[in-house]
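Report on the structure given below.
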Amino acid sequence: MSERKDLELIAELVPAGSRVLDLGCGNGELLAWLQQHKSCTGYGIELADANVHACVKRGVNVIQLNLEEGLALFDDASFDVVLQVDTLQHLRNTERMLRETARVGRIGIVSFPNFAHWPNRLHVLTGRMPVTRALPYQWHDTPNIRVGTFADFEVLAGSCGLQVTDSFGLQAGRVVRRWPNLLASVAVFRFEQR
Amino acid sequence: MGSIGLVTPQQMHFSEPLPLKSGAALADYALVFETYGTLNADKSNAVLVCHALNASHHVAGRHEDGSTGWWDNLVGPGKPLDTERFFVIGVNNPGSCFGSTGPTHLNPATGNPYGADFPVVTVEDWVDAQVRLVHRLGIEQLAAVVGGSLGGMQALDWTLRHPTLLRHCVAVATAPNLSAQNIAFNEVARRAIVTDPDFHGGHYLAQATLPKRGLRVARMIGHITYLSDDAMEAKFGRELKALDGRLGYTTQDIEFQIESYLRHQGDKFSEYFDANTYLLITRALDYFDPALAHGGSLARAFATARQNRFLLVSFTTDWRFSPARSREIVKALVDNRIDVSYAEIEAPHGHDAFLLDDPRYHAVMRAYFDRIGEQR
């Protein structure tokens, strides 16, 4: 789902000049864009060697770290924005990571594949797990170890004491604000600690 | 990728005494150094390479005697630290036994070799000496200072005390200070040397002898700590020295290959390394602790380095300078909002990995130096 258009729509949520921590920053594309277009500063966190290399190559600060070990490296409220783009579903300890995100950043922005998108529902209705563009993996061979829905996240955010300040879906490079749980393949949430 | 080819060390003499952290001063000294590549017109492409415990100014290329530089796999034309782009300086620190003024040289005050009278030098003293050399070479600001292990400590110290004199710091397999365990290893090595009957209180040269036995043991201990358990297991395991696989039931002769290897390393080392230098350099390692002057806060120590940019690299199996120690430095930098990238390379070789050419490690180094080159 990390298509350019989606990334830009998520990037628009980040206030100009923000100090940003991008958890699971991939090849650093989003951070580089935020640096160039919104004068943001900050760091990306990555585990994969190839991505760390790609970030260094494009001049993005990257720290090689396993997110499952937490964010002990970062003090409370030390960032304006903490991003988790397409990262949440790969982490075992979703709730802890969400709390850590809210602890370290003033604003948290999370995006993940929405399992309740209608084609996924159809797949499940026919008795099979979905294999789609947003969820391209077979059930037995997927890095997505936590699949949730737009609606599920609202519940989790509430139980973690997070205040959702904006939320919408993304579908084919467009923002979906009407019935996102049904009509969007990607869920996007912006939240703050209550 | 080529080699630099034949290189010749140069020497620079300094008549102004170097004030040392201990309060003493080093009078009338010389530094030996090598340079590779060409200094550009605006003198903005210079990179200083700091050496670790048993290395020298001979970073890359080869000498007439055939010896290859200790970081030749990293530094050279087309290599990660590309000498076609950068002007690279390798310098031998004072107190060493490879050419710069050290304990084997004559003490101008007595006319005899310094021996144990050579003043105790610290990482900070070395950096101050390097600053003078760089200044003499007409360079106002280095593009980067690079080092691994003890060399990494020097690279860090540049940003702590001379932050305007460099732009980038590349510190590999290093630590913000030594742990008790690390100091302990150094102390065992020092005791091996000092208790050698040939040590003569450090004035062995005046007695026309060398404490080789002590040096051998010191090197053996050091060598064990530079390798990972896995690397040692893979290389030697329980392999026996005897080809027929029979045990000799002897307590003093070599039975296992690892014993043979360590003794060989110790023998080799004791032939070329000076015992007083070993004492001095291990002490410099022990003393380095930039947080000490800031109430133990490494973050406060690095507040000076806000204009510098950093690359830190550690290796997963390095238990002497573990990734956790590098992460402490990363945290101090992040706390100061300083630009830093950090790579934790999964390598099986232990501390020695920083000298090897692991492709992921070298790819990150290359990418970072390429960025430095483009920013000029």
GNM on chain B, Cα springs under 10 Å; top mean-square fluctuation among B:THR282, B:THR251, B:THR209 goes to B:THR251
Roughly how big is the A-B contact, given as buried accessible area in Å² (both sides, 1.4 Å probe, nearest 100)?
-> 1700 Å²
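Determine the percent antiparallel among the DSSP beta bridges restricted to chain B, to the nearest 5.
On the way: 14 of 42 bridges.
Antiparallel: roughly 35 percent of the beta bridges in chain B.
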Using the Cα centre as the reference, give the magnitude of the dipole from point charges on the C-beta atoms of segment B:221-336 (Lys, Arg: +1; Asp, Glu: -1; all else neutral), rounded to the nearest 20 debye.
-> 640 debye
Ellipticity estimate at 222 nm from DSSP helix runs (n ≥ 4, -39,500 (n - 2.57)) divided over chain B, nearest 500 | -10500 deg cm²/dmol
Measure out, as a whole number of angstrom, how far apart the alpha-carbon centroids of segment A:117-194 and segment B:110-131 sit.
-> 65 Å
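Can you put B:LYS79, B:LYS21, B:LYS331 in order of accessible area, largest first, using a 1.4 Å probe? Let's see the in-between values first.
On the way: B:LYS79 20, B:LYS21 125, B:LYS331 50 Å².
Correct descending sequence by accessible area is B:LYS21, B:LYS331, B:LYS79.
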Round to the nearest 10 and report in Å² the accessible area of B:TYR342, as given by a 1.4 Å probe over the protein chains' heavy atoms.
-> 0 Å²
Within segment B:1-146, the percent of DSSP beta bridges that are antiparallel, given to the nearest 5, stands at 55 percent
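Do any of B:LYS21/B:LYS268; B:LYS235/B:LYS268; A:LYS57/B:LYS331; A:LYS57/B:LYS43; A:LYS5/B:LYS331 go past 29 Å between their Cα atoms, and which?
Details: B:LYS21/B:LYS268 33 Å; B:LYS235/B:LYS268 19 Å; A:LYS57/B:LYS331 22 Å; A:LYS57/B:LYS43 24 Å; A:LYS5/B:LYS331 33 Å.
Cα-Cα > 29 Å for B:LYS21/B:LYS268; A:LYS5/B:LYS331; rest within.
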Residue with peak Gaussian network fluctuation, chain B [Cα springs, cutoff 10 Å], from B:ALA303, B:ALA41, B:ALA143 = B:ALA41
Hey, what do the phi angles of segment B:50-57 turn into as Karplus ³J(HN,Hα) couplings, whole Hz, using 6.51/-1.76/1.60 and θ = phi - 60°, x for Gly and Pro?
-> 9, 9, 9, 4, 10, 10, 8, 5
Relative to the present Cα-Cα distance, how much length would full extension add between A:ALA172 and A:ARG19 at 0.36 nm per residue of separation?
-> 52.2 nm
Amide H neighbours of A:THR165 under 5 Å, at least 5 residues apart or on other chains, H built in the peptide plane: list them.
-> A:ARG190, A:PHE191, A:GLU192
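Averaged over its residues, how many other protein chain Cβ atoms are within 10 Å of peptide B:363-371's Cβ atoms? Walk me through the numbers on the way to the answer.
Working: counts 6, 8, 1, 3, 8, 4, 1, 3, 5.
Counting other chains' Cβ atoms within 10 Å and averaging over B:363-371 gives 4.
Counting Lys and Arg as +1 and Asp and Glu as -1, each charge on the Cβ, what is the dipole of segment B:194-285 about the Cα centre in debye, to the nearest 20? Walk me through the intermediate numbers first.
Values: 11 positive and 13 negative charges, 38 e Å.
Value, rounded to 20: 180 debye.
State in Å² the accessible area per residue of the protein assembly as shown; use a 1.4 Å probe, count heavy atoms of protein chains only, and round to the nearest integer.
Numbers: 24290 Å² over 570 residues.
With all protein chains present, the protein assembly as shown gives 43 Å² per residue.
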If you rank A:GLU29, A:GLU12, B:GLU328 by how much accessible surface each has, with a 1.4 Å probe, what is the order from largest down?
-> A:GLU12, B:GLU328, A:GLU29
Could you point to the residue in B:LEU142, B:ALA173, B:LEU160 farthest towards the positive end of segment B:128-187's charge dipole, with +1 and -1 charges on the Cβ of Lys/Arg and Asp/Glu respectively?
-> B:LEU142
Residue by residue through segment A:97-103, which ³J(HN,Hα) values in whole Hz follow from phi under the Karplus form 6.51 cos²θ - 1.76 cosθ + 1.60 (θ = phi - 60°), with glycine and proline marked x?
-> 5, 5, 5, 5, 4, 5, 5
Treating only the Cβ atoms of Lys and Arg (+1) and Asp and Glu (-1) as charged, compute the dipole magnitude of segment A:47-143 about its Cα centre; round to the nearest 20 debye.
-> 400 debye
Could you state the angle between the C-alpha long axis of helix A:150-159 and the longest principal axis of the C-alpha atoms of chain A, as a value from 0 to 90 degrees rounded to the nearest 10?
-> 50 degrees
Short version: ³J(HN,Hα) in whole Hz for each residue of segment B:281-296, in order, from phi by Karplus 6.51 cos²θ - 1.76 cosθ + 1.60 (θ = phi - 60°), x for Gly and Pro, what are they?
-> 5, 5, 5, 4, 4, 4, 6, 4, 6, x, 6, 4, 6, 10, x, x
Just flag the trypsin sites (Lys or Arg not before Pro) in segment B:231-313 sitting in loop per DSSP whose Cβ has no more than 11 other Cβ atoms within 10 Å.
-> B:ARG238, B:ARG246
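Quick check on the protein assembly as shown: of the DSSP beta bridges with both residues there, what percent are antiparallel, nearest 5%? Walk me through the numbers before you get to the answer.
Values: 31 of 77 bridges.
Of all bridge pairs located within the protein assembly as shown, approximately 40 percent are antiparallel.
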Which of A:ALA72, A:ALA157, A:ALA48 fluctuates most in a GNM of chain A (C-alpha springs under 10 Å)? That residue is A:ALA72
With all protein chains modelled, accessible area of A:ARG128 [1.4 Å, Å²] | 150 Å²
Expressed in square angstrom to the nearest 10, the accessible area of B:TYR272 with a 1.4 Å probe stands at 100 Å²
Taking +1 at the Cβ of each Lys and Arg and -1 at the Cβ of each Asp and Glu, which of B:PRO113, A:PHE115, B:GLY61 sits farthest along the dipole of the protein assembly as shown towards its positive end, judged by Cα position relative to the Cα centre?
-> A:PHE115
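Only helical DSSP H runs with n ≥ 4 go in: add -39500 (n - 2.57) per run for chain A, normalise by residue count and round the 222 nm mean residue ellipticity to 500 deg cm²/dmol.
Details: 7 runs with 60 residues, N = 194.
The per-residue figure over chain A is -8500 deg cm²/dmol.
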Got a sec? Charge dipole of chain A, +1 on Cβ for Lys and Arg, -1 for Asp and Glu; which of A:TRP139, A:THR126, A:SER39 is way out at the positive end?
-> A:THR126
Filtered trypsin sites (Lys or Arg not before Pro), segment B:91-185: DSSP coil and at most 10 other beta carbons within 10 Å = none
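The values are calculated or read from the model by the stated rules, or taken from the named source; none is laboratory data. All figures in this text were calculated on a predicted structure; none of them were measured in a lab. Here Cβ is always computed from backbone atoms with ideal geometry, including for glycine, and neighbour counts include all displayed protein chains. Ligands, DNA and RNA are stripped out before the accessible areas are found, and what is left, the full protein with its side chains, is counted by its heavy atoms. Shrake-Rupley method; radii C 1.70, N 1.55, O 1.52, S 1.80 Å.
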